[in-house]
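A quick write-up on the structure given underneath.
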Amino acid sequence: MKRIYLDYAATSPTKKEVLQAMKPYFFDKFGNPSSLHRFGQETRAAILEARNTVAKFLNCGAQEIIFTSGGSESDNFVLRGISNRWHKPHIIISAIEHYAILHTCQDLEKQNLIEATYLPVDKFGLVSVSDVKKAIRKNTILVSIMYANNEIGTIEPIREIGKMIEKLKTQNSNPKSYFERSEKKGSRATVRGPYFHTDAVQAIGYLNCNVRYLHADALSLSAHKFGGPKGVGVLYIRKGIKLSSQITGGGQEYGKRAGTENIPGIIGLAKAISLIGDKKYKLRIKKITTLRDRLISGVLKTIPDVILTGHPKERLPNSVSFCFKYIEGEGILYNLDLAGVAASSGSACTSGSLEPSHVLIACGYDHKTAQGSIRFTLGEDTKEEEIEYVLKILPKIIKKLRGLSPYWRKNV
C-alpha cells in the first residue's frame, strides 16, 4: 500500500543532517552545561553556538533567545510572563489563534488576571490592521497575532501590524498621558505602547522571520515543524522587555526558564534553522507551491460542493484546506488513511475533538459545513505522483460518503 504523508503542519520528519548533528550530544558530549568541568563547558559552548545561529537567522541578539520545549510553551511564556507583571492588563489576540494562545488568554481572563479582546477575521481568515489599532487601549500590554494560520494557511499582515504599533509608540512621546501602567509590586514602569508578539510556528521555512523586518517584540518557533526534533522551541523576546519566569529553580536561560537544557534538541533546532537558508531552499518552496496549486485546482475541478478555505493568494506555500459539504471530515480522513494518505481535519492539537474548527466558525462557516473540513499540508519530500494519486482517489471517497449522507440526499 502507498504511504503518502500530507500532514506537515502537524509535524515534519527530522532531517538526516539534524540527527547527525544531535548524535554526539547523546553519547560523547553529554555534560551538564552548568558544570564547571570540561564536559560541562563543552556543551555550554555548543548551546552558545546554537543560540548565535538562531539569533542570526531571526536578526536579533543572542541574549534575546530563550530555548523552550516548543511552540505551546513559547506562546504560554510570553502571555503569562508579560501579563503577570501588571495589574489586570489588556491583551489583544485574534479569534483564530492556535489554542496555545487562545486557551491561555481565556484562562488568564477566567482568573480575572487580564482583560482580553478577541478580534474578528474576514471570510478568508484575515485580521484587519485597523481593527487592531481600534482595539488598543491605554492599558493594552500585548498584541498577539499569528503569522500564518495552522488550519487554513492564511498569512496575516504581521509586518503592517508591527509597523502600526511601532508608529504608535513613536508618536506617544509623553508616556504619562498614554500607555502608562504600574507593575504589581508597586514600582512604576512606563511602556509607550503594547508589545507585539507573533506565533510563527507555521511560518518558519516559508516566510520572512526577520524580527526587525516584522517589527515584532516577541516571536515563537517550534523545531519539529521545519525538520528539527520534537520537544524544543524558541521564544524571541526583545531586550528590555520584562518577563516573569514560568519555571523557577536554576539560572538557566538568563534566569527565565530553570532546568537542565535539552542539549541534543537545541543542537538539532539550530541545525534545522541553518538548513533553511541553503541555496536549494527557494527551489523547494517553488516546487511545493506548484504542487499545492495543482491540488487546489484538481479538487475544485473534479468535486462539486467543495469550498477552498483560507485566503486564495495570501496563504502558505504548502497549505491546502477544503470544506466538503454534506459530509464529515472524520469519514474522509478514515477513508484517506485506508488508501494510504495521511491528512488532517484541522489542527493536530484538536484532532480528538468532535467540535467544529473555531477557525472556520470565526470565518463565518456554519457548523455543518465546518464539520466537513480537511487540511492537506505538503513538505519538501512531497512528490507530483503523490498529489495525482490523491486527486484520483479523493473524488471516489467523497462520492461514496455523500451517498451515505442524509444531508446530501436532501440537497441533491
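Here are a few things to note about the model shown:
- Pair-distance distribution of the chain: all C-alpha pairs, bin width 20 Å, starting at 0; shares per bin in whole percent are 26, 53, 20, 1.
- Angle between the chain longest axis and helix 281-302 axis [Cα atoms, degrees, rounded to 10]: 40 degrees
- Percentage relative contact order, the chain, counting C-alpha pairs under 8 Å, at least six apart: 22 percent
- Adding -39500 (n - 2.57) for every DSSP H run of four residues or longer, then dividing by how many residues the chain holds, sets the calculated 222 nm ellipticity at -12000 deg cm²/dmol.
- From most to least packed by mean Cβ count within 10 Å, the peptides 119-132, 102-115, 219-232 give 219-232, 119-132, 102-115.
- Inter-part distance where segment 101-173 and segment 9-28 are each reduced to a Cα centre, Å: 35 Å
- Nearest-ten-degree value, helix 158-171 long axis tilted from longest Cα axis of the chain: 30 degrees
- Tilt relative to the chain, helix 329-338 - C-alpha long axis, 0 to 90 degrees, to 10: 80 degrees
Throughout, read-outs are computed from the coordinates displayed, never taken from laboratory work. These figures come from a predicted structure and were not determined experimentally. All Cβ positions, even for glycine, are placed from backbone atoms using ideal geometry, and neighbour counts span all protein chains on display.
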